[in-house]
Amino acid sequence: MRTRLGLCALTQDHPDLVGLILDTFADVVDESIIGVDARVDPSTMQPIVRRATHTVRMEVTTPDDITPAKWWLSEQLDCPWVLFVDTDEIPSNDLIAWLRRFKRDETSTTHVSFRRRWLWPTVATYLLDDPWRDDPQTRLVRVDQQVARCGRSLHETVLVGGSGRVQPQCLYHLDTVLNSVDERRKKVRR
């Protein structure tokens, strides 16, 4: 029997986009959980509820709440491996293909990082200047208290010990395409 892979994300908006992202990962994950910010109008969440295995309404009041909330969500899954994604990220075709081949019963690896690329000004190009580097992000993690625990800052998803690797496949971040410069500045101030 194949080792199960879960997907974990937290959202405050863009339910249609989150639904599409879940569709993109549908054939490579066995279970998904989406934490939905409690301030979101429940009537708008159908695109997520129809596609996610589990949805949980959560109160996330500060950026420091995000990482512990994602980690708590991941622990609700019945999967030894969890893929953390932001709900404004889409996987490259190469990443989906790699996830199909990933040997989930591998015991020597505890975590895998992928490059995050910021699309701009269209979905056909991406930025490579600071602060939009394509730096590796630890996103695929073996859920094991012995090797992984929750990070403490917004972009520090997990703190992982053990043997990891960096894959060349990408997650494409849509924030710079979806939001204006003013909206992004407001987001940073929040």
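The values are calculated or read from the model by the stated rules, or taken from the named source; none is laboratory data. Treat the numbers as computed from the prediction; the structure is a model and nothing was measured. Positions of Cβ are backbone-derived with ideal geometry, glycine not excepted, and every protein chain shown enters the neighbour counts. Accessible surface areas use protein heavy atoms only, side chains included; no ligands, DNA or RNA. Shrake-Rupley method; radii C 1.70, N 1.55, O 1.52, S 1.80 Å.
Some values worked out for this structure:
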| quantity | calculated |
| --- | --- |
| Filtered residue count, region 164-190, keeping only those that are crowded, with 16+ Cβ neighbours inside 10 Å and modelled with pLDDT under 65 | 0 |
| Residues that are outside any strand (DSSP E or B) and modelled with pLDDT under 60, drawn from region 148-163 | Gly151, Arg152, Ser153, Leu154, His155, Glu156, Thr157 |
| Criterion (open to solvent by less than 20 Å² (accessible area, probe 1.4 Å) and farther than 18 Å from Arg142 by Cβ) met by exactly one of Val85, Val28, Val36, Val56 | Val36 |
| Which numbered condition Asp78 misses (of (1) in contact (Cβ under 8 Å) with a residue 60 or more places away in the chain; (2) open to solvent by 50 Å² or more (accessible area, probe 1.4 Å); (3) under 22 Å from His173 (Cβ atoms)) | (3) |
| Scope region 59-73; condition over 15 Å from Gln12 (Cβ atoms) and surrounded by 19 or more Cβ atoms within 10 Å (Cβ to Cβ); matching residues | Trp71 |
| Test result for Val18, aliphatic (A, V, I, L, M), outside any helix (DSSP H, G or I) and at pLDDT below 95 | no |
